[in-house]
Amino acid sequence: MRITHARVIVCCPGRNLVTLKLETDQGLYGIGDATLNGREQAVVAYLEEHVVPALIGRDAHGIEDIWQFLYRGAYWRRGPVTMSAIGAVDMALWDLKAKAAGMPLYQLLGGKSRDRVMVYGHATGHDIDGCLEEVARHVEQGYRAVRVQCGIPGMATTYGVAKRAGERYEPADADLPAEHVWDTAKYLNFVPKLFEAVRERFGDELHLLHDVHHRLTPIEAARLGKLAEPYHLFWLEDCVPAENQEAFRLIRQHTTTPLAVGEVFNSIHDCRELIESQSIDYIRATLTHAGGISHVRRIAALAELYHVRTGFHGPTDLSPVCLGAALHFDSWVPNFGIQEYMPHSEETEAVFPHAYRFADGHFTPGDAPGHGVDIDEDLAAKYPYKRASLPVNRLEDGTLWHW
Ligand code: CS2
Ligand code: MG
């Protein structure tokens, strides 16, 4: 099964999405997600100029060889652009191989380890009451796990909260990076009240998650972890920027609140020390940004040795192709923890017809051959790309901080 054509499809059905389509001499095709929020065109150029020409004529069944060709052969290894390009190729090749075998992807990975995949939804509000209403809405839909984010008194904007109530939250909503103002003291003094309010109203059963979004120092994260203990969170996510993996040991020394990290990771080297030192409980590196199924299953295998479970990143800036492939991976992987789910827009759902189904707080990937997600290219062409940038953060004294 030789690769005959490869195309990069960019569309913006509500937000920019990048898809790689590989076609073969057997009439089969596979697709992969290559969306890197706010840097989409960098991956498009990498694919079109440096990857696509090198794929034509290759044996599409040679997934591992192509992976190594693109990773070792790049000479300039790792990083979000390279690994998102490799991730898209790898996802498309596994889609192809499963289609050629006439089976759903989870079967190719080793079969199901569970009947359905628990997801967590996003409950956000401008204030605690607004957030509690959103939690209630998710609980009514059968969600067993909800991530809570809400506005912080005294701060005009904060991560995860849409500009206007009822609007979809889309962080990359400006042509060039907007500048937000962050204050750690206001946040730390306030956010435990949110956890307390959720437990008071919804009790102890509901899995409760929160995303700090990289904004604290290790000792501040340790303090928040401790303050959160009475509310037994499912996880506290991305407490501190994770370039310095050792920094998590300090957090671990002070709190038993479970820690999740990894959505910005691109390779096993970004998390090996975190996992081996048992400094985290959930690894969030996902298929698009961490080199596809072939590489993420290595990360999952290492994590399993240390009782670390998967918690795949799954916002709307990863396309339904990534979600579909992730749900197959989630169905198979022995050390599954939870899957993030942020509903895509109706336009996006129409551009990407898919076999996965939601019911009662869980997903099933479907039994269609491959990863079960397709792309309607004619419809996609109706939504041209529009540059959109993620914001940056500044402290009140003007210091450029972590967004
Ligand atoms: C977030 C993301 O979903 C999450 O956990 O951290 O929404 C993140 O902000 C975006 O993917 C950035 O593009
Ligand atoms: Mg996050």
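A few notes on this one:
- For Cys271, the conditions (1) farther than 24 Å from Val89 by Cα; (2) free of Cβ contacts under 8 Å to residues at least 40 places away in the same chain; (3) buried (at least 21 other Cβ atoms within 10 Å of the Cβ) are fulfilled apart from (1).
- Count - residues of region 26-50 that are of a type outside the set (A, V, I, L, M) and within 25 Å of Arg2 (Cβ to Cβ): 10
- Test: residue in region 339-348 that is touching a Leu at 6+ places or on another chain (Cβ under 6 Å), under 29 Å from Leu390 (Cβ atoms) and among the aliphatic types (A, V, I, L, M): no
- Members of region 302-337 found to be within 15 Å of ligand 1 (Cβ to nearest atom) and farther than 18 Å from His289 by Cα, listed by number: Gly337
- Filter pass, Leu323 being more than 15 Å from ligand 2 (Cβ to nearest atom) and under 17 Å from the mean Cα position of the chain (by Cα): yes
- Residue within region 132-146 that is within 16 Å of ligand 2 (Cβ to nearest atom), at pLDDT 95 or above and within 24 Å of Ala359 (Cα to Cα) present: yes
- Residue match in region 82-93 (condition: free of Cβ contacts under 8 Å to residues at least 40 places away in the same chain and in contact with a strand residue (DSSP E or B) (Cβ under 9 Å, 6 or more places away or on another chain)): no
- Filter pass, Leu236 being hydrophobic (A, V, I, L, M, F, W, C), touching a Ser or Thr at 6+ places or on another chain (Cβ under 6 Å) and within 16 Å of ligand 2 (Cβ to nearest atom): yes
- Residue that is open to solvent by 10 Å² or more (accessible area, probe 1.4 Å), among the hydrophobic types (A, V, I, L, M, F, W, C) and either outside the structural domain of Asn335 (by TED's automatic domain parsing) or closer than 28 Å to Met91 by Cα (or both), where the choices are Ala290, Ala247, Ala301, Ala285: Ala301
- Matching strands (runs of 3 or more DSSP E) fully within region 344-397 where at least 1 residues are of a type in the set (Phe, Trp, Tyr) and open to solvent by 10 Å² or more (accessible area, probe 1.4 Å): 357-359
- Residue match in region 248-264 (condition: β-branched (Val, Ile, Thr), within 23 Å of the chain's Cα centre (by Cα), within 16 Å of ligand 1 (Cβ to nearest atom) and not in a loop (DSSP other than H, G, I, E, B)): yes
The values are calculated or read from the model by the stated rules, or taken from the named source; none is laboratory data. Fair warning: this is a prediction, and the values are worked out from it, not measured in the lab. In this analysis, Cβ positions are derived from the backbone assuming ideal geometry, glycine residues included, and neighbour counts consider all displayed protein chains. Side chains are part of the model used for accessible areas, which takes the heavy atoms of the whole protein and leaves out ligands, DNA and RNA. Shrake-Rupley method; radii C 1.70, N 1.55, O 1.52, S 1.80 Å.
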